[in-house]
Amino acid sequence: MTQHAGKNFPRPTQESQPFWDGCRNGELLLQRCSDCGEHQFYPRMMCCHCNSDALAWVRASGHGTVGSYTVVRRPVSQAYASDTPYIVALIVLAEGPTMMSNVIACDPADVAIGMPVEVTFEQWSEQITIPMFRPRRA
Ligand SMILES: [Zn+2]
């Protein structure tokens, strides 16, 4: 885990703590509105579709597609140097929300918009596990 020293670690909030707890347990959780049925990400106190506060945490499929991406070849700091080149992508989840993440286990030459991906998890510390995405085989 020391290979993540110096990276930008997420700081869970009261709203996002259940999400990070889910990641630590190997589950991708999203908020789902009990009134309109829509999912949302990032975590909020109210539904971004209908303003209801009747939100529940549900397990997402972990499936999505690459909506957009960039390949990072120059690290933002030394902490990321050994990761380059790496893929930063907007993942359009099957449930609807978009999540910024990394596509791993994928040659940067092979990533493509519309590519099916699935979630996988990378433990950075005892508290923080990061959801990442890898190519999904049909
Ligand atoms: Zn709603």
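For first residues located in the range 17-38 and away from the ligand (no atom under 16 Å from the Cβ) and open to solvent by less than 40 Å² (accessible area, probe 1.4 Å), partners that are in a loop (DSSP other than H, G, I, E, B) and of a type outside the set (A, V, I, L, M, F, W, C) and lie 6+ apart or on another chain with Cβ distances below 6 Å form the pairs Phe19/Pro43; Trp20/Pro12; Leu28/Gly62. For Asn51, indicate whether it is within 16 Å of the ligand (Cβ to nearest atom), more than 22 Å from Ala89 (Cβ to Cβ) and open to solvent by 40 Å² or more (accessible area, probe 1.4 Å). It is true that Asn51 is within 16 Å of the ligand (Cβ to nearest atom), more than 22 Å from Ala89 (Cβ to Cβ) and open to solvent by 40 Å² or more (accessible area, probe 1.4 Å).
Filtering the range 6-21 for residues that are in a strand (DSSP E or B) and of a type outside the set (S, T, N, Q) leaves an empty set.
Taking the condition closer than 20 Å to Pro131 by Cβ and open to solvent by 60 Å² or more (accessible area, probe 1.4 Å), does Arg59 pass? Judged against the criteria, Arg59 is a match. Scanning the range 103-118 for residues that are out of contact with any Cys (no Cβ under 9 Å at 6 or more places or on another chain) and in contact (Cβ under 8 Å) with a residue 24 or more places away in the chain yields Val103, Ile104, Ala105, Cys106, Pro108, Asp110, Val111, Ala112, Ile113, Gly114, Pro116, Glu118. Out of Pro43, Pro75, Pro12, Pro97, one residue alone is touching a Leu at 6+ places or on another chain (Cβ under 7 Å) and farther than 16 Å from Met132 by Cβ. It is Pro97. Residues in the range 55-77 that are at pLDDT 95 or above and more than 30 Å from Met45 (Cβ to Cβ): Tyr69, Thr70, Val71, Val72, Arg73, Arg74.
Looking at the range 63-83 only, could you name the residues that are open to solvent by 40 Å² or more (accessible area, probe 1.4 Å), outside any helix (DSSP H, G or I) and not hydroxyl-bearing (Ser, Thr, Tyr)? Passing the criteria: His63, Arg73, Arg74, Pro75, Val76.
The values are calculated or read from the model by the stated rules, or taken from the named source; none is laboratory data. No experiment lies behind these values; they were computed from the predicted model shown. Counting neighbours? That spans all protein chains shown, and the Cβs are built from the backbone with ideal geometry, glycine included. Remember, those area values only see protein heavy atoms, side chains included, never the ligands or the DNA or RNA. Shrake-Rupley method; radii C 1.70, N 1.55, O 1.52, S 1.80 Å.
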